[in-house]
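Peer 1: Just dropping this structure here.
Read-outs throughout are calculated quantities, based only on the coordinates presented, and are distinct from any laboratory measurement. Bear in mind that the values here come from a model prediction, so they are computed numbers and not experimental data. Here the Cβ positions follow ideal geometry from the backbone for every residue, glycine too, while neighbour counts run over all protein chains shown.
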Amino acid sequence: MNDKLPLAGLKVLESTVAATGPAGGKYFADFGATVIKVESGTRPDVTRLAMPYKDGKPGVDRGASFLYLNTSKMSITLNFTKPRGKELYKKLVGWADVVLQNRRPGAMQKLGLGYDELRKVKEDIIMIDVSISGQEGPYADAGGWGQLTMAMCGQFNLMRWPGQDPLAPGFTAPPDAVAPRFMVIATLAALDYKRRTGKGQYIDLSQIEPMCHFLAPGILDYVTNKRIQAPVGNRSERAAPHGAFPCKGDDKWCAISVSSDEEWVSLCKVIGNPEWTKRPIFANFESRKKYEDELEQLVGNWTKNYSPWEVMAVMQEAGVPAGVLENVDDLIERDPQMKERGLFFQLEHPVLGKCYHPREPFILSKTPAKVGTSPLQGQHNKYVFTEILGLTGEELTKLIEEKIID
Amino acid sequence: MLSGYRALDLTDEKGFFCGKILGELGVDVIKIERPGGDPGRNIGPFYGNTPDPEKSLYWFAYNDSKRGITLNLEAPEGQEIFRTLAKTAHFVIESFPVGYMDKVGLGYEQLSKLNPKIIVTSITPFGQTGPWKHYKATDIILMATSGLMMLTGEPDGVPTRYEPDHSYCFVGSDAVVGALIAHYYCVRSGEGQHVDISMHECMVRANYNYAPMSYNFGPIPKRTGSKLPRGHLQTPVIHKCKDGYVSWLLFAGIAGAEDNRRITKWMDDEGIPTPGEIKGIDWDKFKYSDITQKEVDLIEERISTLTSRYTKGQLEEQALKRGVRMNAVNDVKDLFKNEQLKFRNFWGNIEHPELSASITYPSQLYQTTETQARARFRAPQIGEHNKQIYEEELGFSKQKVEKLQQLGVI
């Protein structure tokens, strides 16, 4: 235990699968909590069985998704569907301050490991269940994915250009990334509440509710003005020009956003005050907004002569918000800001070798995170069952033979 | 949940969301605006479509559960008042350009001398250090530099940002996470600290791990329109129906087996023929690596045949009955009909007496067996709590407050 890490001493039992639950547990582990991830050899976390694999060869310790969602954690393999496995699970609950879960609503209750049961083991336990729509209610049993949350909350409907099909956000869905943050927020708030009142609690966190808070202005617009927000693609009510502009090279782009007259004057200066910038239709914001199709075409005619990095640099130096549309190589190899601040760093994994990892997106001046690589399946069985739960070596061997530890 | 704590919220729209969440958790959040009000009040839409700093729905949406005062941090008297308030606070949240707080004598180093436990959370476009630290950003700039835009859009089309604006909410959530981790440490050690939030980094991390993962393991994802890239395959995320779209996703392995069986049964019940190529797939053993894009397309075509027969409401109803993971692509109007949110008591009415209105808000953050986590009261009007804070709490005389007003301090 590294005492200088902010969450040192906090004990977390994590029984989660897929992306959202593990991503929440990762924050705790990276900032110093002891996080025991309970897996099962017969039914591993789905990300252990998900592409991409090292060298394309499947294997529970070869999957990249698992690697990135479970850093700094310990892994045990305990089959808690069996009675003896349940007993041990409950012992771990007795050890823990916090239990994180994201199984399908009702699944843990069915096994006799729901909050009511765990509370009998530890009265003041803090337990959090994360799901798509909540633990109870007409939609609870359906479960689902982040993309379905996007559909339900109204986000998908807006992710498009006028008159076109909704677009899938590349690679993943925002609600999957929002829920882990709220897992941490709710849990840390609950820990503070417990410190002051002595009371534990059960937290039922859905993906959809925090996501609706993201969409609040549009929701209030509907409630009060009965207006249904229309999709606008890359456009903005508050800026013109506002969009992604083509740059020199194949599929190279730079975003520019001009929200004030001052920024407009600066942009014109950067591009050499060509004649067209003096046309009356571009003289004020309302008019620039009205003629933004033409305006953006003209700006694009200038940007396409330069690399996106050149466009970003000259615009930003003149006070105009601009940003390269970075791809993966850009983020890791070229982005000077990422390099200077060290968002990405390498960690050695016994099977996967040296891999780049990201740190969390905030720097705590006195207690920065310390990220360790992800555990092999069952890597910490011996430590957890003997050192933490106090079983003897013989008992451990027997549990392995009986496939309670599998 | 966190009553008894105080946060001073100096943010502009980049950081509104952070204070809102703290406020909904019970923190006494005091929004400190410049005299005349925060420019964020001019962001639409507006109540009754009337542009007015007291009617911005954007302001309402992200500043509920906060009290509000006005204070000029440029004036020495204003700085002195802020220092007095900082002694009573546990958190300060700010989103000024890098170096501004130091310049006005209110940076972390200066405040921590008065209150060693204080946690100052600074939100800036690119962080407190580095060659871009003075660069500016709006939502689309962050979407661009995060790598998210390059992944979103039609393969040959313009890269597209998420709509509506997402980054300020992502950043606000991260700011709460950072502040509460620092708070946990403060409780243990008695020491506050400075939390440096880079919006750029928050948005890179908003997409989990895709950047280092694709860098190390490939393939580099490309824009795939409304499909999801999965190794050598692309699978649709949405399907057209009679009155719009529904979302259903093909998943392999344990994750999808049951769902795939159920939707297959549904299509069989509908009498939709199964093409020979995909007949007899054993969903329990189904892997992406064993299937071709052509076979995926056949499966998806069959599903589109099903969805095209019904409306999104009919499909969602059937899907719920059959335990199929399919949902309607809702607009905001549909969202209000969602039975699940009603069941969970998600919505909450907040009184706006000056508008003679009670407005329904997205309210609950999550459910808990202890105190509630939801929107508590409406956003403050300009200087609404000046009297409460300056006269009742700090004990300023009426004359002093009037003088400070004349001097433009409050």
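Peer 1: Tell me, how many Å apart are the Cα centres for the range B:295-345 and for the range A:1-51?
Peer 2: 33 Å
Peer 1: Going by C-beta contacts inside 10 Å, put B:158, A:311 in order with the fewest on the left.
Peer 2: Values: B:158 18, A:311 29.
In order of increasing Cβ crowding within 10 Å: B:158, A:311.
Peer 1: For the pair residue A:382/residue A:317, report the inter-label distance in nm, with labels modelled 7 Å from Cα in the Cβ direction.
Peer 2: Inter-label distance under the simple model: 5.9 nm.
Peer 1: Here's something else I'd like to know. Students often check this: by mean Cβ neighbours within 10 Å, which of A:103-109, A:169-175 ranks highest, and how do the rest follow?
Peer 2: Ranked by mean Cβ neighbours within 10 Å, highest first: A:169-175, A:103-109.
Peer 1: Net charge around residue B:168, counting only other residues with Cβ within less than 12 Å of its Cβ (Lys, Arg = +1; Asp, Glu = -1)?
Peer 2: On the way: positive: B:14, B:20; negative: B:12, B:13, B:139, B:165, B:174.
Neighbourhood net charge equals -3.
Peer 1: Just tell me how shielded B:299-310 is by partners: mean number of partner chain Cβ atoms within 10 Å of each residue's Cβ, no decimals.
Peer 2: On the way: counts 0, 0, 0, 0, 0, 0, 0, 0, 0, 0, 0, 0.
Averaged over the peptide's residues, the number is 0.
Peer 1: On to the next question. Residues with beta-carbon under 12 Å from that of residue A:184, excluding residue A:184: net charge, scoring Lys, Arg +1 and Asp, Glu -1?
Peer 2: For residues surrounding residue A:184, the net value is -1.
Peer 1: While we're on this one: Would you please give the FRET efficiency between residue B:277 and residue A:225, computed as 1/(1 + (r/R0)^6) with r the Cβ-Cβ distance and R0 = 41 Å, to the nearest 0.05? Mind showing how you got there, number by number?
Peer 2: Values: r = 51 Å, r/R0 = 1.24.
That gives a FRET efficiency of 0.20.
Peer 1: Can you report the principal axis dimensions of the protein assembly as shown using only the alpha carbons, biggest first, rounded to whole angstrom?
Peer 2: 80, 58, 52
Peer 1: Most mobile of A:293, A:129, A:97 per a Gaussian network model of chain A (Cα springs, under 10 Å)?
Peer 2: A:293
Peer 1: On to the next question. Please compute the average number of Cβ atoms from other chains found within 10 Å of each residue's Cβ in peptide A:312-319. Mind showing how you got there, number by number?
Peer 2: Working: counts 5, 3, 0, 3, 8, 2, 0, 3.
The mean count of partner-chain Cβ atoms within 10 Å per residue comes to 3.
Peer 1: While we're on this one: Enumerate the whole-percent occupancy of each 5 Å bin, from 0 to the last occupied one, for all C-alpha pair distances of the range B:32-82.
Peer 2: The percentages, shortest bin first, are 4, 22, 24, 20, 13, 10, 5, 2.
Peer 1: With viscosity set to 1.306 mPa s and temperature to 10 °C, compute the Stokes-Einstein D of the range B:94-174, Rh being the Kirkwood radius across alpha carbon pairs; µm²/s, no decimals.
Peer 2: Working: Rh = 14.8 Å.
My calculation gives 107 µm²/s for D.
Peer 1: Now for a separate question. Fewest to most neighbouring Cβ within 10 Å: what's the order for A:404, A:363?
Peer 2: Details: A:404 20, A:363 24.
Fewest to most other Cβ atoms nearby, the residues stand as A:404, A:363.
Peer 1: So, one more: If we count other beta carbons within 10 Å of each Cβ, what is the order of B:356, A:287, A:257, B:112, fewest first?
Peer 2: So the ranking, lowest neighbour count to highest, is B:356, A:287, B:112, A:257.
Peer 1: Another question about this same structure. Treating only the Cβ atoms of Lys and Arg (+1) and Asp and Glu (-1) as charged, compute the dipole magnitude of the range A:146-291 about its Cα centre; round to the nearest 20 debye.
Peer 2: Numbers: 18 positive and 14 negative charges, 54 e Å.
It comes to approximately 260 debye.
Peer 1: Further, regarding this structure: How long is the gain from residue B:88 to residue B:405 if the chain were fully straight, where each residue apart is worth 0.36 nm and the alpha carbon distance is subtracted?
Peer 2: Numbers: separation 317, 0.36 × 317 = 114.12 nm, distance 2.27 nm.
So the extension gain works out to 111.9 nm.
Peer 1: To continue, here is another question. Roughly how many nanometres apart are two label points built 7 Å out from the Cα toward the Cβ at residue A:119 and residue A:354?
Peer 2: So the two model labels end up 5.2 nm from each other.
Peer 1: Mind checking which lysines have their C-alpha under 18 Å from residue B:294, skipping anything on the same chain fewer than 8 residues away?
Peer 2: List returned: B:227, B:279.
Peer 1: Any chance you could tell me what percent of the C-alpha pair distances in the range B:236-282 go past 12 Å? Can you show the working numbers first?
Peer 2: Numbers: 764 of 1081 pairs.
When all Cα pairs of the range B:236-282 are counted, 71 percent exceed 12 Å.
Peer 1: Let me see the P(r) profile for the range B:199-336: every Cα-Cα distance counted, bins of 5 Å, each bin given as a percent of all pairs.
Peer 2: Whole-percent P(r) values from 0 Å outward: 2, 9, 16, 21, 18, 15, 10, 7, 2, 1, 0.
Peer 1: Also, quick follow-up: Of the residues A:125, A:281, A:256, which exhibits the maximal mean-square fluctuation in a Gaussian network model of chain A defined by a 10 Å Cα contact cut-off?
Peer 2: So, out of A:125, A:281, A:256, the one fluctuating most is A:281.
Peer 1: Could you tell me which of B:145, B:280, B:7 has its Cα farthest along the dipole of chain B towards the positive end, charges placed at Cβ (Lys, Arg +1; Asp, Glu -1), taken about the Cα centre?
Peer 2: Highest projection toward the positive end goes to B:280.
Peer 1: Now for a separate question. Can you return the aspartates and glutamates within cross-link range of residue B:87? Criterion is Cα-Cα under 20 Å, with same-chain partners fewer than 8 residues away left out.
Peer 2: Straight-distance partners of residue B:87: B:9, B:28, B:33, B:74, B:77, B:102, B:109, B:191, B:391, B:392, B:393.
Peer 1: Follow-up. Starting from the Cα coordinates of chain A, work out the convex hull volume and express it per residue in Å³.
Peer 2: On the way: hull volume 74.7 nm³, N = 406.
Looking at chain A, the number lands at 184 Å³ per residue.
Peer 1: Grab the eigenvalues of the alpha-carbon gyration tensor for the range A:60-145, scale each by 5, take roots, and send me the semi-axes largest first in whole angstrom. Walk me through the intermediate numbers first.
Peer 2: On the way: eigenvalues 90, 82, 33 Å².
Rounded to whole Å, the semi-axes are 21, 20, 13.
Peer 1: Per residue of chain A, what 222 nm ellipticity follows from adding -39500 (n - 2.57) for every DSSP H run with n ≥ 4, rounded to the nearest 500? Mind dumping the intermediate values first?
Peer 2: Values: 16 runs with 147 residues, N = 406.
Mean residue ellipticity at 222 nm (helix-derived): -10500 deg cm²/dmol.
Peer 1: For residue B:360 paired with residue B:12, estimate the spin-label separation in nm (one decimal), with each label point 7 Å from Cα along the Cα-to-Cβ line.
Peer 2: Label-label distance for residue B:360 and residue B:12, simple model: 3.5 nm.
Peer 1: On to the next question. Shielding by partners for A:229-239, please: the mean number of other protein chain Cβ atoms within 10 Å of each residue's Cβ.
Peer 2: Values: counts 5, 2, 3, 3, 6, 10, 3, 7, 3, 8, 3.
Taking the mean over all residues of the peptide, I get 5.
Peer 1: By per-residue mean of other Cβ atoms within 10 Å, what is the highest-first order of A:29-40, B:293-304, A:242-253? Spell out each step's value before the answer.
Peer 2: Values: A:29-40: 25.1, B:293-304: 16.5, A:242-253: 19.2.
In descending order of packing, they fall as A:29-40, A:242-253, B:293-304.
Peer 1: Before anything else, pin down the relative contact order of chain A: Cα pairs under 8 Å, at least 6 apart, normalised by residue count, whole percent.
Peer 2: On the way: 688 pairs, mean separation 78.2, N = 406.
19 percent.
Peer 1: Hey, another quick one. Compute the separation of the alpha-carbon centres of the range A:370-404 and the range B:169-216 and state it in Å as a whole number.
Peer 2: Result: 31 Å between the Cα centres.
Peer 1: Can you give the net charge of the other residues whose Cβ lies under 13 Å from the Cβ of residue A:219, counting K and R as +1 and D and E as -1? Before the final figure, lay out the partial values.
Peer 2: On the way: positive: A:226, A:227, B:333; negative: A:209, A:221, B:64, B:331, B:334.
Spelling it out: positives minus negatives among the neighbours equals -2.
Peer 1: For chain B, what's the relative contact order in percent, using C-alpha pairs closer than 8 Å and at least 6 residues apart? The partial results should precede the final answer.
Peer 2: Numbers: 696 pairs, mean separation 76.8, N = 410.
Normalised by residue count, the contact order of chain B is 19 percent.
Peer 1: Given a cut-off of 25 Å, name the pairs among B:20/B:403; A:289/B:312; A:339/A:366; B:265/B:285; B:240/B:265; A:269/B:14 whose C-alpha atoms lie farther apart than that in the structure shown. Write down the numbers at each step before the final one.
Peer 2: Details: B:20/B:403 31 Å; A:289/B:312 35 Å; A:339/A:366 21 Å; B:265/B:285 17 Å; B:240/B:265 20 Å; A:269/B:14 27 Å.
Violating the 25 Å limit, Cα to Cα: B:20/B:403; A:289/B:312; A:269/B:14.
Peer 1: Charges at C-beta only: +1 for Lys and Arg, -1 for Asp and Glu. How large is the resulting dipole of the range A:257-406 about its Cα centre, in Debye rounded to 20? Please list the in-between numbers first.
Peer 2: On the way: 17 positive and 25 negative charges, 60 e Å.
About 280 debye.
Peer 1: With runs of 4+ DSSP H residues as the only contributors, calculate the mean residue ellipticity of chain B at 222 nm using -39,500 (n - 2.57) per run, divided by the residue total and rounded to the nearest 500. Could the numbers behind the result be given before it?
Peer 2: Working: 15 runs with 145 residues, N = 410.
Taking each H run of at least 4 residues, the total per residue is -10500 deg cm²/dmol.
Peer 1: Sticking with this one: Under 10 Å, Cα contacts only: if you run a Gaussian network model on chain B, which one of B:290, B:196, B:28 comes out with the highest mean-square fluctuation?
Peer 2: The residue with the greatest mean-square fluctuation here is B:290.
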